[in-house]
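Okay, so here's the structure we're looking at.
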Number of protein chains: 2
Amino acid sequence: MSEAYVHGYHPREKERLEDQAGTLVDLLHADTAYPHGSLVLEVGCGVGAQTVTLAQRSPNARFLSVDVSADSIAEATRRVDGAGLDNVGFQQADLFALPFAAESFDHVFVCFVLEHLSRPAAALAGLSRLLRPGGSITVIEGDHGSAYFYPDSPAAHAATQCLVTLQREAGGNALIGRQVYPLMVAAGFDAVRVSPRMVYVDSSRPDLVDGFTLKTFTAMIEGIREPAIGAGLIEPESFDVGVRDLRRTTEADGVFCYTFFKGVGEKRGRA
Amino acid sequence: MSEAYVHGYHPREKERLEDQAGTLVDLLHADTAYPHGSLVLEVGCGVGAQTVTLAQRSPNARFLSVDVSADSIAEATRRVDGAGLDNVGFQQADLFALPFAAESFDHVFVCFVLEHLSRPAAALAGLSRLLRPGGSITVIEGDHGSAYFYPDSPAAHAATQCLVTLQREAGGNALIGRQVYPLMVAAGFDAVRVSPRMVYVDSSRPDLVDGFTLKTFTAMIEGIREPAIGAGLIEPESFDVGVRDLRRTTEADGVFCYTFFKGVGEKRGRA
């Protein structure tokens with residue numbers, strides 16, 4: 001997979017992901033809590049943006065957080081230590097070759113990971129193997145096709161579409177949010193329940209205007225300017241108009257909408 | 001305004017709107033209740049799909065429901081009578097020439113109306129005049145640009161876009177949901193708060209698969225086949241593929257998403 005654009009592994013992206021995590025914590029994670037003594041595998045923890053939240057919300061659960069990037073693990077470790085948490089361990093590992101025995105974990109948590117994978121259902125099936133019967137899996141993904149806004153702008157949609165195309169060409173899927181339900185079912189999970197987490201932003205919500213529209217979504221699109229132009233997906237002028245129009249949605253009469261999808265399922269079998 | 005396509009004024013559409021109202025009642029209206037003794041103006045009541053819900057949920061408020069269509073009023077009256085409600089009156093009237101004195105109403109309710117108007121902000125400003133200072137206005141609108149689904153389908157988006165185009169050519173706006181906040185602010189309302197009401201449908205929610213994806217959204221698109229083709233917006237074959245693909249989203253692995261927007265604001269001044 002080309003890492004030319006993939007977000008999450010570049011220093012400048014770190015701040016963006018922190019902003020995103022700060023703004024969206026309640027929307028995405030308020031209903032996730034693990035029982036006393038349970039062992040939770042967090043897959044693809046990245047720089048730990050979600051790890052701190054997870055561990056704080058379930059102080060009596062133990063987390064093992066893995067990521068393929070040693071640099072990300074190092075940063076995540078610093079963040080967890082900085083937060084004074086002692087219920088998180090880290091391990092560098094590849095999602096498709098996780099060095100754990102079958103049924104090792106009570107719960108699995110996967111956030112913003114499947115979008116980067118060419119075989120997301122296979123990845124979920126592999127995670128199912130690690131889960132004890134009756135254990136839960138939580139999957140959270142965004143969907144860039146869920147972005148719409150006022151004023152509407154074909155240029156802004158075209159710039160967004162560049163990210164969708166780049167991610168597809170790298171083997172990922174930026175429209176995966178809407179697919180969380182069928183993927184979890186295809187991977188064999190029971191009692192799958194998906195709930196959308198829509199981020200609605202107008203100027204009465206200045207924290208989201210700044211934290212989400214500007215510093216999360218628009219910053220993410222701005223971050224693919226060079227690769228998108230380099231790949232011949234768009235002319236520089238058109239891309240810049242698109243970004244300008246995304247910024248326009250942060251004015252007093254602007255509105256921005258985006259939806260994340262959170263799915264929870266169970267591994268078949270008796271607990 | 002051409003009525004060739006406008007939903008709500010044709011016999012066959014009546015069932016669709018009933019289905020829609022039945023499925024979406026809680027999502028849209030659960031948080032709307034008016035106090036004892038208050039007088040509420042419902043603008044554009046149509047066949048009374050929302051009127052019955054409103055009046056049942058606020059049995060001690062009185063409603064005056066108006067619509068431009070005498071036939072719709074007659075049907076709405078039958079429905080309200082059939083529900084045994086005695087707190088609703090009806091009057092045929094044009095939204096832009098309502099025969100009421102200034103500050104006559106404690107609250108105003110406007111649902112699925114602005115989408116048909118070429119001057120929605122002016123309409124809201126006119127309604128503000130009828131509201132007592134401190135009274136509330138509630139505005140609910142859909143947004144056809146909020147529709148996305150799995151499997152994704154350019155043909156289904158193209159068929160949907162035909163409705164957006166027809167409604168725009170008739171002076172309306174099928175993408176108005178996202179604009180509820182700026183419209184209410186532009187009309188001078190205070191303390192405007194908009195909340196999205198997202199309809200998320202997968203096969204674990206069979207009532208919504210049937211009641212919303214199939215009988216509301218897909219039926220609405222099917223309903224514009226002739227005018228869309230007649231206006232030269234699309235080839236018959238392409239349109240039919242689009243409808244087929246919308247129906248495809250109702251299968252076991254399909255997902256359908258749509259969002260309504262509900263805004264509540266207050267008229268400036270002391271109550």
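The values are calculated or read from the model by the stated rules, or taken from the named source; none is laboratory data. Quantities reported herein were computed from a predicted structural model and do not represent experimental measurements. Glycine also receives a Cβ, built like all others from the backbone with ideal geometry; neighbour counts cover every protein chain displayed. Quick note on the areas: whole protein, heavy atoms, side chains included, nothing else; ligands and nucleic acids left out. Shrake-Rupley method; radii C 1.70, N 1.55, O 1.52, S 1.80 Å.
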>> Only one of B:A186, B:A147 is touching a strand residue (DSSP E or B) at 6+ places or on another chain (Cβ under 6 Å) and farther than 12 Å from B:F261 by Cβ. Can you tell me which?
In response: B:A147
> How many residues are facing chain A (nearest Cβ under 8 Å) and assigned to a strand (DSSP E or B) when one looks only at the stretch B:139-155?
Replying inline: 6
>> Given the criterion surrounded by fewer than 23 Cβ atoms within 10 Å (Cβ to Cβ) and either touching a Leu at 6+ places or on another chain (Cβ under 9 Å) or acidic (D, E) (or both), identify the matching residue among B:G171, B:G232.
In response: B:G171
>> Could you go through the stretch A:253-270 and let me know if any residue there is at pLDDT below 95 and either open to solvent by less than 10 Å² (accessible area, probe 1.4 Å) or in contact with a Phe, Trp or Tyr (Cβ under 8 Å, 6 or more places away or on another chain) (or both).
In response: yes
>> With the structure loaded, tell me whether B:V241 is part of a helix (DSSP H, G or I) and either open to solvent by 20 Å² or more (accessible area, probe 1.4 Å) or more than 14 Å from every other protein chain (Cβ to nearest Cβ) (or both) or whether it fails that test.
In response: yes
>> So A:F149 ticks every box in (1) more than 19 Å from the chain's Cα centre (by Cα); (2) open to solvent by 30 Å² or more (accessible area, probe 1.4 Å); (3) over 19 Å from A:E266 (Cα atoms) but one. Which box is left unticked?
In response: (2)
> Residues in the stretch A:58-67: is at least one touching a Lys or Arg at 6+ places or on another chain (Cβ under 7 Å), of a type outside the set (F, W, Y) and farther than 24 Å from A:P196 by Cβ?
Replying inline: no
>> I want to confirm something. Restricting to the stretch B:251-266 and keeping residues that are over 26 Å from B:I176 (Cβ atoms) and of a type in the set (D, E, K, R), which single residue is farthest from the other protein chains (Cβ to nearest Cβ)?
In response: B:E251
> Taking helices (runs of 4 or more DSSP H) that fall entirely within the stretch B:156-238, which contain at least 3 residues that are away from chain A (no Cβ under 12 Å) and in contact (Cβ under 8 Å) with a residue 12 or more places away in the chain?
Replying inline: B:219-222, B:225-230
>> Please go through the stretch A:129-155 and give me each residue that is among the small types (G, A, S) and in contact (Cβ under 8 Å) with a residue 40 or more places away in the chain, ordered by number.
In response: A:G134, A:G135, A:S136, A:G142, A:S146, A:A147, A:S153, A:A155
> Considering only the stretch B:195-208, how many residues are in contact with a strand residue (DSSP E or B) (Cβ under 6 Å, 6 or more places away or on another chain) and within 16 Å of B:D26 (Cα to Cα)?
Replying inline: 8
> If you check A:G242 against the conditions, is it more than 30 Å from B:R193 (Cβ to Cβ) and either acidic (D, E) or at pLDDT 95 or above (or both)?
Replying inline: no
> Condition test on A:G269, is it away from chain B (no Cβ under 14 Å), outside any helix (DSSP H, G or I) and over 30 Å from A:G135 (Cα atoms)?
Replying inline: no
>> Out of everything in the stretch B:117-126 that is surrounded by fewer than 24 Cβ atoms within 10 Å (Cβ to Cβ) and not basic (K, R), what residue ends up being farthest from the other protein chains (Cβ to nearest Cβ)?
In response: B:G126
> Can you pull out the residues in the stretch B:37-53 that are assigned to a helix (DSSP H, G or I) and open to solvent by 10 Å² or more (accessible area, probe 1.4 Å)?
Replying inline: B:A49, B:Q50, B:V52, B:T53
> For the stretch A:245-255, does any single residue satisfy the condition of being small (G, A, S) and more than 16 Å from the chain's Cα centre (by Cα)?
Replying inline: yes
>> Against the condition farther than 27 Å from A:A121 by Cα and either within 12 Å of chain A (Cβ to nearest Cβ) or of a type in the set (K, R) (or both), how does B:R248 come out, does it pass?
In response: no
>> Of everything in the stretch A:68-109, what is in contact with a helix residue (DSSP H, G or I) (Cβ under 7 Å, 6 or more places away or on another chain) and open to solvent by less than 20 Å² (accessible area, probe 1.4 Å)? Give them in sequence order.
In response: A:A76, A:V80, A:N87, A:F105, A:V108, A:F109
